[in-house]
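I am attaching a structure below and will ask some questions about it afterwards.
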Amino acid sequence: MADTFDIKEKHIHMVGIGGIGMSGIAELLIESGIMITGSDIKDNPLIQRLIKKGAKINIGHKGIINEPDLVVRAFNIRNNNSDIKEAHERNIPIIFRSEFLKRIIDSRKVSISIAGTHGKTTTSAMISFLLEKGGFDPTILVGGEMDFLGSNAKKGRSEIIVSEMDESDGFIRDMAVKYSVITNIEKDHMEYYKTMDNLTDAFNSFIKNTKEDGVLFYNYDDEILRDLSRSYKGEKISFGFSSKADIFAINVKPEDVGMRFSCFFNGQELGKCSLGVLGEHNVYNALASIAVAKKMGMSFSDIAGIIKDFKNVKRRFEVKYSANEVVIVEDYAHHPTEISKIISVAKLLKKNRIIVVFQPHRFSRTMHLEQEFCECFSGVDKLILTDIYAASEDPLDGIGLCNICFGVKEKGIKEAYIVPKADIVMTLFKEINVGDIVLILGAGDVNEIIPELVRKLDQKYELR
């Protein structure tokens with residue numbers, strides 16, 4: 001097998017290298033002996049890990065380093081970025097991250113790609129965990145850091161690759177893989193797609209591009225996916241809670257700090273399965289993963305024995321503090337449906353109060369899903385909203401936190417406030433009582449408050 005994923009370039013410069021998708025690709029390339037340089041506006045642990053592995057990275061876009069053969073850019077990098085402008089001036093070829101990901105995926109004979117509005121990171125990680133522990137030695141590219149790897153990427157020695165497929169930039173239309181896995185489809189990324197029809201068409205292209213000898217794995221309980229699957233003529237395996245699905249779960253129950261369910265395939269019981277992660281949404285993720293692992297030749301007994309030890313991806317209901325009957329949880333949830341699911345999981349822990357800190361992600365998402373955001377915090381005792389994380393976007397006139405805060409109060413959550421990010425720690429420190437669970441939600445940088453909050457809580461209870 002080629003060590004370099006059939007990539008001929010010896011030096012690649014990556015603009016926006018600190019993102020979870022870009023950094024994973026960079027790690028694979030470094031492991032393949034390719035020189036990696038790059039730039040990003042802000043330092044982070046992913047960048048520091050790459051530097052330790054040998055990458056040269058500018059914090060701030062200070063110019064392209066040396067003489068790269070190719071520049072790879074994150075989708076949110078603008079054309080007026082200084083590194084991109086320099087690449088044009090020096091006639092260095094430039095491609096987007098998704099185009100480069102396609103090259104990596106195409107270099108492997110068995111490609112497993114996971115797409116969907118929700119759950120794709122966890123499902124990708126579960127499939128990776130099963131295949132890694134099952135001895136398949138896959139290459140892995142996932143949009144979240146996994147404890148069992150200590151990373152979000154790993155270069156395997158087999159012809160198998162497991163990759164998370166991001167639909168936000170539309171490149172999903174051009175991807176052709178052997179095993180297509182789709183968790184669900186909901187309204188999101190309207191800044192790019194504009195309409196649900198366009199979003200659905202993109203997923204439909206991904207389905208139709210599944211290779212002739214491949215399989216479509218899809219959520220039977222998702223009406224949009226059920227409709228799209230009807231036009232697909234190749235092999236397909238559905239999963240869900242409905243007994244009409246090919247693989248389905250019954251008797252789904254929370255158990256300690258996880259879930260337990262009975263798993264059926266083609267109407268026959270395979271056996272019972274336990275997960276070390278909470279939430280019915282994780283049972284869906286597990287069903288998709290079990291279906292893929294079975295297709296890859298794993299027995300259900302082996303699958304069940306391995307999957308019980310799966311731990312959540314970082315920033316997916318990750319407990320950051322649990323002491324003195326106070327629990328602090330970090331989660332990447334940034335879509336209303338995801339937020340509702342995380343709140344449902346928090347209720348299973350039976351704490352006194354649920355306090356939520358939420359940082360909206362992107363002005364466009366806040367605009368398109370404003371009403372849904374007003375309705376997704378049901379069951380929360382106290383809500384703190386903080387400044388919208390813009391990502392690559394410019395502010396939009398009239399789009400802010402006030403409408404959400406007002407809407408949430410209309411839905412019955414009286415204690416809803418807007419607090420600047422810099423003031424959240426002190427606000428929480430004064431507010432948290434014994435028995436509370438605090439959810440820190442958002443895909444931006446709101447998680448930066450957690451170390452200081454934990455430090456203050458430790459001091460608070462030490463002094464008692």
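One quarter of the convex hull surface, Cα atoms only: what value does that give for region 135-206 in nm²? List each step's numbers first, then the result.
Details: hull surface 23.0 nm².
Averaged projected area of region 135-206's Cα convex hull equals 5.7 nm².
Given points 7 Å out from each Cα along the Cα-Cβ axis, report the residue 415 to residue 397 separation in nanometres with one decimal.
3.8 nm
Counting only C-alpha contacts under 8 Å and six or more residues apart, can you give the relative contact order of region 11-97 as a whole percent?
Computed over region 11-97, the figure is 33 percent.
Now for a different question. Can you pull the three principal axis extents for the Cα set of the chain, in Å, largest first?
Principal-axis extents of the Cα atoms in the chain, largest first: 60, 60, 45 Å.
Relative contact order (percent) for the chain, with alpha-carbon contacts under 8 angstrom and 6 or more residues of separation?
Details: 954 pairs, mean separation 48.1, N = 464.
About 10 percent, as a whole number.
How many angstrom lie between the C-alpha centres of region 288-308 and region 56-108?
One Cα centre to the other: 38 Å.
If you don't mind, there's one more thing I want to ask. Write down, largest first, the equivalent ellipsoid semi-axes of region 187-282 in whole Å, where each equals the square root of 5 times an eigenvalue of the alpha-carbon gyration tensor. Could you put the intermediate results ahead of the total?
Details: eigenvalues 164, 70, 22 Å².
Here the semi-axes work out to 29, 19, 10 Å.
Principal axis extents for region 318-462, Cα atoms only, whole Å, descending order, please.
Extents along the principal axes: 46, 27, 23 Å.
While we're looking at this one, here's another question. Quick one: in region 132-265, what % of C-alpha pairs are over 17 Å apart?
Working: 6009 of 8911 pairs.
Cα-Cα pairs in region 132-265 separated by more than 17 Å: 67 percent.
Based on the alpha-carbon set only, what is the convex hull volume of region 246-330 divided per residue, in Å³?
It is 93 Å³ per residue.
Oh, and also: Would you work out the charge dipole size for region 411-455 about its Cα centre, treating the Cβ of every Lys and Arg as +1 and the Cβ of every Asp and Glu as -1, and quote it to the nearest 20 debye? Don't jump to the answer; show the numbers that get you there.
Values: 5 positive and 7 negative charges, 31 e Å.
With Lys and Arg at +1 and Asp and Glu at -1, about 160 debye.
Sticking with this one: Normalise the Cα radius of gyration of region 198-252 by 2.2 N^0.38 Å (N = residues in it) and let me know the number.
Details: Rg = 11.8 Å, N = 55, 2.2 N^0.38 = 10.1 Å.
Here the answer is 1.17, to two decimals.
Per-residue ellipticity at 222 nm for the chain, helices alone: DSSP H runs ≥ 4 residues times -39500 (n - 2.57), over residue total, nearest 500 deg cm²/dmol?
Taken over the chain, the calculation gives -10000 deg cm²/dmol.
Still on this structure: For region 1-101, which semi-axes, largest first and in whole Å, follow from the square roots of 5 times the eigenvalues of its Cα gyration tensor? Please list the in-between numbers first.
On the way: eigenvalues 69, 52, 28 Å².
Semi-axis lengths for region 1-101 are 19, 16, 12 Å.
For a 29 Å ceiling on Cα separation, which of these pairs sit above it: 272/341; 187/233; 314/382; 85/421; 62/187? Write out the running numbers ahead of the final one.
Numbers: 272/341 23 Å; 187/233 26 Å; 314/382 25 Å; 85/421 34 Å; 62/187 37 Å.
Too far apart for the 29 Å limit: 85/421; 62/187.
Since every read-out is calculated from the coordinates, none of them should be taken as a lab result. All values derive from a computational prediction rather than experimental measurement. Every residue, glycine among them, receives a Cβ derived from its backbone with ideal geometry; neighbour counts consider all protein chains shown.
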